[in-house]
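One structure is given below, encoded as structure tokens.
The values are calculated or read from the model by the stated rules, or taken from the named source; none is laboratory data. Keep in mind that what you see is a predicted model, and the values were worked out from it rather than measured. With ideal geometry, Cβ positions are generated from the backbone for all residues, glycine too; neighbour counts draw on all protein chains shown. What goes into the accessible areas is simple: the full protein's heavy atoms, side chains included, and nothing from ligands, DNA or RNA. Shrake-Rupley method; radii C 1.70, N 1.55, O 1.52, S 1.80 Å.
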Amino acid sequence: MLESLDLNGLYRDLVGIHLGRKADAVTRLYQHFRPLLFKKLRYQYQAIQETDLQDVIQEAFVKIYNTKSYPKDAASMSAWVFRVCENACLDLLRKAYRKHEMEWPEWPIDSEAPSAEVELQASAGLQEAGVDSDQPVSRPLTPLNRAVEFCVSSGMSLFSSQYPERALAISLAMDGLSMSAIALTLDRTEAATRQFIYESKKKLAPFIQHCLEQLR
Amino acid sequence: MTQKDDDVFNQEEERYLKSYYQKLDQQWGVDPSTSEAQLAQFRERLNQERTKNASWRFSWKFFMTALLAAFSMGLLSSRWIMVPELVATRGIEPTSHSEVSANSPPKIVSITTLEPKAYTEHLIDLTKDAGLEVTVITSGQNRQISVKPFLKGDARQDKAREFLGIDADTIGVVTVILSQPSP
């Protein structure tokens, strides 16, 4: 996705004086960066309406069109676009929150392993679906066994609300994105991102392990 | 880092997770690429922005042009208004005095004499019919006399030049300071 971008050409058009080419460059940037930005913000601010978020992202790219400060070279452009857009989005969202006098949602701070309460809630999901977690589920399973899926969903939704950035990292990895694209989205180095994804999966395991055991 | 991502979950568990995230993304409206409709909407928005910027730039350019035009008109009209006044303050000869004054530095001649009054009267006599204007400022027995304009090659002014002891090619304004010797 991002790898296919001709960054040098885009950079030339973006910093050039030809306004038509600049508009084209911003449109191409929007086309390529929007999905990742949207996904990141969607995971981060789950309470915000999808259409509002789309609107905010468009506004952020309009800001990119109007900006007079550019990245120093083509190589640093992807990170620059991400940073500028993310900051613009956050500013716009903050304004919207202030306008509606809502409490600003922060990234939840990573805590240690899930509490007993979390595990209890996840187990309750399994029981609610009529599955006894001590009893193995017979195989073969349907593509997504409904009871297990329900249990997994409960655990995952708890995990997502508790660790939105980690949930995003796992989701991006599941999408099959390149490590460089995930690293760009998470604003980390590739090595740190690889480690972060691994640790995120380890953190996720206690939330859903008891559900997935039914598959074994 | 040596661990592999798939160390934590087995293949089937990974499949479940992937499936969950796909459903979640669908539910949250997360799409893997930007649709044509979204692109068209953004293009429209960008066009509106460009039009807005262009109109703003146009109004700014218009304002600057108007300002420059007004300034230029002011300059031109001031020339027409000012010129008759300048002509009126100028002098005796058709030659521009101010031009001669502007192109030549002022010359000062200091003379000590027992009879400043007689000296002044004689100087005035010499400047008569020589196209020179004499201004005398008196302070006690001292006098400051301004004689102008000495013009290049004007033979009528030679006597005055000789009397003042200035070079034959002196032009412009000559200031003569007359004073009495101290007792």
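Restricting to the stretch A:177-215, give me the number of residues that are farther than 20 Å from A:LEU158 by Cβ and of a type in the set (Val, Ile, Thr). Show your work before the answer.
Restricting attention to the stretch A:177-215, the residues satisfying the condition of being farther than 20 Å from A:LEU158 by Cβ are A:177-195, A:198.
Now narrow it down to the ones that are of a type in the set (Val, Ile, Thr): A:182, A:185, A:189, A:193.
Matching residues across the stretch A:177-215 total 4.
If you check B:LYS152 against the conditions, is it surrounded by 12 or more Cβ atoms within 10 Å (Cβ to Cβ) and either modelled with pLDDT under 85 or of a type in the set (Ser, Thr, Tyr) (or both)?
On the way: surrounded by 12 or more Cβ atoms within 10 Å (Cβ to Cβ): yes; either modelled with pLDDT under 85 or of a type in the set (Ser, Thr, Tyr) (or both): yes.
Yes, satisfied.
Need the failing condition index for B:VAL100 against (1) within 20 Å of B:ASP167 (Cβ to Cβ); (2) open to solvent by less than 100 Å² (accessible area, probe 1.4 Å); (3) at pLDDT 55 or above, just the number.
All conditions pass for B:VAL100, except number (3).
Does the stretch A:52-72 include one or more residues that are more than 14 Å from chain B (Cβ to nearest Cβ) and on the phi > 0 side of the Ramachandran plot?
Taking the stretch A:52-72 and keeping what is more than 14 Å from chain B (Cβ to nearest Cβ), we get A:69-72.
With on the phi > 0 side of the Ramachandran plot added as a condition, the list becomes none.
No: zero hits.
Filter the stretch A:164-176 down to the residues that are free of Cβ contacts under 8 Å to residues at least 60 places away in the same chain and buried (at least 23 other Cβ atoms within 10 Å of the Cβ), then identify the one that is farthest from the other protein chains (Cβ to nearest Cβ).
Filtering the stretch A:164-176 for residues free of Cβ contacts under 8 Å to residues at least 60 places away in the same chain gives A:166, A:169-170, A:173-176.
When the remaining residues are screened for being buried (at least 23 other Cβ atoms within 10 Å of the Cβ), the result is A:166, A:169-170, A:173.
Working: A:ARG166: 12, A:ALA169: 10, A:ILE170: 7, A:ALA173: 6 Å.
Only one residue fits best here, namely A:ARG166.
Looking for something closer than 21 Å to B:ASN47 by Cβ, open to solvent by 70 Å² or more (accessible area, probe 1.4 Å) and touching a residue at least 12 places away in the same chain (Cβ under 8 Å) - is there at least one such residue anywhere in the stretch A:19-30?
yes
List every residue pair whose Cβ atoms sit under 8 Å apart, with the two residues 6 or more apart in sequence or on different chains, where the first one lies in the stretch B:153-165 and is more than 15 Å from B:ILE108 (Cα to Cα) and the second, anywhere, is small (Gly, Ala, Ser) and open to solvent by 60 Å² or more (accessible area, probe 1.4 Å).
Once the first residue is more than 15 Å from B:ILE108 (Cα to Cα) and sits in the stretch B:153-165, its partners that are small (Gly, Ala, Ser) and open to solvent by 60 Å² or more (accessible area, probe 1.4 Å) give B:ASP158/B:ALA168.
Considering only the stretch A:45-102, state which residues are part of a loop (DSSP other than H, G, I, E, B) and either under 21 Å from B:LEU46 (Cβ atoms) or without any contact (Cβ under 8 Å) to a residue 12 or more places away in the chain (or both). Quick ask: steps written out before the conclusion?
Looking only at the stretch A:45-102, we keep the residues that are part of a loop (DSSP other than H, G, I, E, B), and these are A:45-49, A:67-73, A:100-102.
Residues satisfying the conditions are A:GLN49, A:THR67, A:LYS68, A:SER69, A:TYR70, A:PRO71, A:LYS72, A:HIS100, A:GLU101, A:MET102.
Which ones in the stretch A:177-198 are open to solvent by 10 Å² or more (accessible area, probe 1.4 Å), facing chain B (nearest Cβ under 9 Å) and either within 22 Å of B:ASN10 (Cα to Cα) or of a type outside the set (Gly, Ala, Ser) (or both)?
Passing the criteria: A:ARG194, A:GLN195, A:TYR198.
Can we say A:PRO35 is surrounded by 18 or more Cβ atoms within 10 Å (Cβ to Cβ) and part of a helix (DSSP H, G or I)?
Working: surrounded by 18 or more Cβ atoms within 10 Å (Cβ to Cβ): yes; part of a helix (DSSP H, G or I): yes.
So A:PRO35 fits the description; yes.
Of all residues in the stretch B:16-31 being more than 7 Å from every other protein chain (Cβ to nearest Cβ) and surrounded by fewer than 18 Cβ atoms within 10 Å (Cβ to Cβ), which is nearest to A:SER153 (Cα to Cα)?
B:LYS23
Of all residues in the stretch B:32-48, how many are within 7 Å of another protein chain (Cβ to nearest Cβ), more than 24 Å from A:LEU172 (Cα to Cα) and among the hydrophobic types (A, V, I, L, M, F, W, C)?
2
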